[in-house]
Amino acid sequence: MKTTYVYLLSMLFLTTACLQTKSKDNEESGAGNKFQEKFRPQVHFTPQKHWMNDPNGMVYYKGEYHLFYQHYPEKSVWGPMHWGHAISTDLVHWEHMPIAIYPDSLGYIFSGSAVADHNNTSGLGTKENPPLVAFFTYHDMKAEKEGRFTEIESQAIAYSLDKGRTWTKYKGNPVVKNPGIRDFRDPKVIWHNDSKQWIMSIASGQVIKFYSSPNCLDWTYLSEFGEGRGEHGGVWECPDLFPLQVKGSNETKWVLIVNINPGGPAGGSATQYFVGDFNGKEFISAQSKTQWMDYGKDNYAGVTWSNAPESRRILIGWMNNWEYAGEKPCIEWSGAATFPRELGLVKELDTYLLTSEPVKEIEKLYGEKVEFINQDIKGIMTISDRIPFAKSPVDIRLRFDIADKTKMGFPSKYGITLKNSRGEYITVGYDNVDSFFYVDRTNAVGEVFSEKFALTHIVPFIANGNYADWRIVVDKTSLEFFAADNKVVITDLYYPTEDFDIIEIFAENGQIRLGEASITELKSIWK
């Protein structure tokens, strides 16, 4: 989302270089075709033009999923933050809407959340027409430049009485003043039914502070969580607090999502989570080990939709990393969202683990499908010559037979590689010797733009059982890898000179059986 003042200022000077790259890309890719520019994702949400980072204000209301996002509408680099806006009825096809909230004399409009105030507790609507209420952080750049660091950030609200089409800022802003700290932002608000009050989680330096309110307007400090817990390599941002039922049981636990920048397992931005209990005042967790939602480089600031139907817990993140967000190849737009993911919770021994998988609505994008059964892989097997749509975004499912993984002849590594004719490639694999999943993108860019990009990202994991089920959602410049019953997730970007259109399955130093596999075409959300 945000980062240090020095870094933010440095990003503003990238404009000239970005615009030069944009012009070149447009000429080479025929960007006159809407949403068909070079590197433009085809199954992931992107803004129409210019800069996007954190998803904000996600709320479901009267059949519509609202997605707001950090947006600078003037250039394809970070700048004065607005709330961009889009609406979907199915989580995959999006209608771009006018900018929802503009900066003003109190500051830029930083990240936050939105709720449907069904009972009009705020009094901002009526019983017949209750309001949508958005919570956001005012970031006062004047105070920052003048060194008045305890006055920079405060929490404010806006409301809508026309299903989110237009927004009015509350005259009494800010509703939560700064308690005297430098970083105080990203309010995530939920209704806590047991205590009959609204709960606000705010990222406050390197802890999360909780506040309560009966009406969305008047807030009382409750408690904080995070001292000595989890990772503290950078500032904490974009919290989210919600309950989840543990799979296969009647037990319900509370999950606290905390984004951090830097300090992630792959370097830079990432998302950690804690599992525990919330009593209306305090979040309490016995968790001692840091748990990561995603081990890749490019899933940050993810939070969930409020009021989602069927009590679904659906998350979307910013598919980028602050280590190079302002340096990657710029075109008419900059920034994308991850594919929406449905979250779950499982218990293994005494540990609660979050699971993530693409929402079922992805099937609305399905086109042709090619399947493989019982293929013995030794060395490299190219399968793209049997797939007429290999160049398109695809949903890949693989089932490897690993029952004999300890026997002689089982490969030291196995997996899948996406590549092009120029020798650029990205590999998703499992190392059976040292027991870890990995994504290797060291050769997945056509032009080096950051020394922190071309790396291999790993997840230590002992793969047991008879089968290893993998799923990979592939777009023009990204892959999202789900494995180990959706407990392992790696999200990574790439920028090859040409689209990857060659798909290979491999096994090194041995043989493995690919019991089942399917590659399904994904139709563009923009056509």
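The values are calculated or read from the model by the stated rules, or taken from the named source; none is laboratory data. Source: prediction; values computed, not measured. Positions of Cβ are generated from backbone atoms using ideal geometry, with glycine treated the same way; all protein chains shown enter the neighbour counts. Side chains are part of the model used for accessible areas, which takes the heavy atoms of the whole protein and leaves out ligands, DNA and RNA. Shrake-Rupley method; radii C 1.70, N 1.55, O 1.52, S 1.80 Å.
Among the GluC sites (Glu not before Pro) found in the stretch 275-384, those both in a DSSP coil and sparsely packed, with 14 or fewer other Cβ atoms within 10 Å of their Cβ, are Glu282.
Once the Cβ-Cβ distance of Asp404 and Asn374 is raised to the sixth power relative to R0 = 22 Å, the FRET efficiency obtained is 0.90. Annotation: amide H of Lys75 within the under-5 Å range of Trp51, sequence separation 5 or more or interchain, hydrogens built in the peptide plane. Quick one, what does Rg over Rh come out to for the chain if you take C-alpha atoms and the Kirkwood Rh? Rg/Rh for the chain comes to 0.96. Of the GluC sites (Glu not before Pro) found in the stretch 48-103, those that fall in a DSSP loop while having at most 13 other beta-carbon atoms within 10 Å are Glu74.
How many percent of the accessible area of the stretch 261-419 is carbon or sulfur, using a 1.4 Å probe?
44
Each of Glu282 and Met141 was given a label point 7 Å from its Cα along the Cα-to-Cβ line. The distance between the two points is 4.2 nm.
Report the net charge of residues surrounding Asn299, where surrounding means a beta-carbon distance below 13 angstrom and charges are Lys +1, Arg +1, Asp -1, Glu -1. Local net charge: -3.
Among the listed pairs Lys391/Lys523; Lys328/Lys452; Lys34/Lys163, which have their C-alpha atoms separated by more than 21 angstrom in this model?
Lys34/Lys163
The mean accessible area for residues of the chain, using a 1.4 Å probe and ignoring ligands and nucleic acids, is 39 Å² per residue.
Ala100 sits among other residues whose Cβ lies under 15 Å from its own Cβ, and their net charge, with Lys and Arg +1 and Asp and Glu -1, is -2. Determine the shape class of the stretch 125-229: with a ≥ b ≥ c the square roots of the Cα gyration tensor eigenvalues, call it rounded for a/c under 1.5, and otherwise prolate if a/b is greater than b/c, oblate otherwise. Here the stretch 125-229 falls in the oblate category. If only the Cβ of Lys and Arg carry +1 and only the Cβ of Asp and Glu carry -1, the dipole of the chain around its Cα centre is close to 660 debye.
Roughly how far apart, in whole Å, are the Cα centres of the stretch 252-279 and the stretch 365-437? Here the answer is 31 Å between Cα centres. To the nearest 0.05, what FRET efficiency results for Thr442 and Ala308 with a Förster distance of 45 Å applied to their C-beta separation? FRET efficiency, Thr442 to Ala308: 0.75. Applying the criteria of a DSSP loop state and at most 13 other Cβ atoms within 10 Å to the trypsin sites (Lys or Arg not before Pro) of the stretch 228-264 yields Lys247. In percent, rounded to a whole number, the relative contact order of the chain is 14, using alpha-carbon pairs under 8 Å and six or more apart. With a simple spin-label model that places each label point 7 Å from the Cα along the Cα-to-Cβ direction, the separation between Asp434 and Asn120 comes to 6.3 nm. Label separation (Gln511 vs Ser412): 2.0 nm, computed from points 7 Å beyond Cα along the C-beta direction. Here is the size of the stretch 351-435 from its Cα atoms: Rg then Dmax, 15.8, 45 Å.
So if we plug the beta-carbon distance of Ile502 and Asp104 into 1/(1 + (r/R0)^6) with R0 = 45 Å, what FRET efficiency do we get, rounded to 0.05? Between Ile502 and Asp104 the formula returns 0.30.
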